[in-house]
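Notes for the one structure printed next.
Each value in this text was obtained by applying a stated rule to the coordinates, not by laboratory testing. Small disclaimer: the values here were computed from a predicted structure and weren't measured. When we count neighbours, we look across all protein chains shown, and the Cβ atoms used for this are built from the backbone with ideal geometry, even at glycine.
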């Protein structure tokens, strides 16, 4: 099927590919090594089917809601790490940086009597300062990011111990903070936000098609556009239908239903950072520096400033992850941000499709990869696997994702699609 050409009222010729030609082009890109998040999406579907068949409770409303709270902190941290990974850098301190920011908020709330609307901004500002410090050392002093952030990993662990007086557990009682990861929206608000999200997405898709047509650029087939909108609508409405079911064991005493509050927060972060990466000059500069630093420098892109900024974004998102983790745990302790938090966050970004070699990745990868990790942890827990078996399986999935990335890059180089 060959693309068709039409002429608008203004005399502009617009190339309109057919659905068949569009799908053929996509398959050609996949065969050429541009696979994106396809393996992660297929893996996520397969894992859900396996766990759902093995343990039917996996598909229950209460377990579905638990997946959001289980994966939220890792997803936020992974979103920030994607900006760092796009430059081919690494941030090993993101886990404990999130713990430090969460501890700052908890201490201000509990020990100093601050309100949430002042404690949370200070915690976020702490993340910004941490990111600026890391980025400055990497960009201005030329110290490898592995060394700088490894030092940060150790230092922030120590700072966390100092803040918590060597091992004190600080409980959080602020109702607003606790609601972030533990409460749900009303059923009416859940449905309303879903309708708004689908409507806004449809509007953006059609606006994009009209804008490209007005400039005489190639537009996507209307069938593909409609397919995306319908797919999003089905996914969102099905999720809301499940989450608005009663999940309480004793509904007469307390009712538990609705979309978890943390879900729209993830969605807002996804939309904002996707816009930044895909629709701004700053985002294009990040991809340029990650693709070829020297070429970007010669093109006049402020490479050092870009390097500092991605570490700032990374630590800022780590701070949000730390706040969400503290909310879910109702407290902070010396292990906040430690254990497997960093490994899961890096794993989420890579499993979702972001390359460790820089220049390739999307913020959506953090959500998809985080969902994969949450499903593995949740599903294997339901099946009675030990923590050690979970780590082994997650490690194998991460290794497989890294292997796919390396092989796809080799394929892209061989076919000239790099």
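Can you sort 339, 408 by how many other beta carbons sit within 10 Å, fewest first?
339, 408
Where the centroid of each part is defined by its Cα atoms, how far is the stretch 342-418 from the stretch 206-251 in Å?
Here the two parts' Cα centres lie 25 Å apart.
When ranked by the protection proxy of mean other Cβ atoms within 10 Å per residue, highest first, what sequence do the peptides 149-155, 103-109, 24-30 form?
103-109, 149-155, 24-30
Based on alpha-carbon centroids, what's the gap between the stretch 276-314 and the stretch 15-55 in Å, whole number please?
When both Cα centres are located, 29 Å separates them.
Whole angstrom only: what separates the Cα centroid of the stretch 76-120 from the Cα centroid of the stretch 163-185?
Here the two parts' Cα centres lie 14 Å apart.
Please report the relative contact order for the stretch 348-418, taking Cα pairs under 8 Å with a sequence separation of at least 6, and give it as a percent rounded to a whole number. Please report the intermediate quantities before stating the final value.
Working: 55 pairs, mean separation 22.5, N = 71.
Taking the mean separation of contacting Cα pairs over the length of the stretch 348-418, I get 32 percent.
Project the alpha carbons of the stretch 213-307 onto their principal axes and report the range along each, largest first, in whole Å.
For the stretch 213-307, the Cα spread along each principal axis is 67, 37, 19 Å.
Do you know the relative contact order of the stretch 184-259, to the nearest whole percent, from alpha carbon pairs under 8 angstrom that are 6+ apart?
46 percent
Rank these for me by crowding, 362, 212, 410, going from fewest to most other beta carbons within 10 Å.
410, 212, 362
Determine the shape class of the chain: with a ≥ b ≥ c the square roots of the Cα gyration tensor eigenvalues, call it rounded for a/c under 1.5, and otherwise prolate if a/b is greater than b/c, oblate otherwise.
Here the chain falls in the oblate category.
Could you grab the relative contact order for the chain? Cα pairs under 8 Å, six or more apart, rounded to a whole percent.
Normalised by residue count, the contact order of the chain is 34 percent.
Could you tell me which of rounded, prolate or oblate describes the stretch 184-259, using a ≥ b ≥ c as the square roots of the eigenvalues of the alpha-carbon gyration tensor, with rounded for a/c under 1.5 and, failing that, prolate when a/b is larger than b/c and oblate otherwise?
prolate
With the cut-off at 1.5 for a/c, could you classify the stretch 300-416 from its C-alpha gyration tensor as rounded, prolate or oblate? Please list the in-between numbers first.
Details: a/c = 2.79, a/b = 1.21, b/c = 2.31.
Because a/c hits 1.5 or more and a/b fails to exceed b/c, the stretch 300-416 counts as oblate.
Taking neighbour Cβ counts within 10 Å as the exposure measure, how do 110, 126 sort from fewest upward?
110, 126
Subtract the Cα-Cα distance of residue 275 and residue 214 from 0.36 nm times their separation in residues, and report this length gain in nm to one decimal.
19.8 nm
With runs of 4+ DSSP H residues as the only contributors, calculate the mean residue ellipticity of the chain at 222 nm using -39,500 (n - 2.57) per run, divided by the residue total and rounded to the nearest 500.
On the way: 16 runs with 295 residues, N = 418.
So the calculated ellipticity at 222 nm is -24000 deg cm²/dmol.
How do 236-245, 41-50 rank on mean C-beta neighbours within 10 Å, highest first?
Peptide ranking by packing, descending: 236-245, 41-50.
As an exercise, use a Förster radius of 30 Å and the Cβ-Cβ distance of residue 238 and residue 400 to find the FRET efficiency, rounded to the nearest 0.05.
Details: r = 28 Å, r/R0 = 0.94.
With a Förster radius of 30 Å, E is 0.60.
Among 253-259, 345-351, what's the highest-first ranking by average C-beta atoms within 10 angstrom per residue?
Put in order of decreasing packing, that is 345-351, 253-259.
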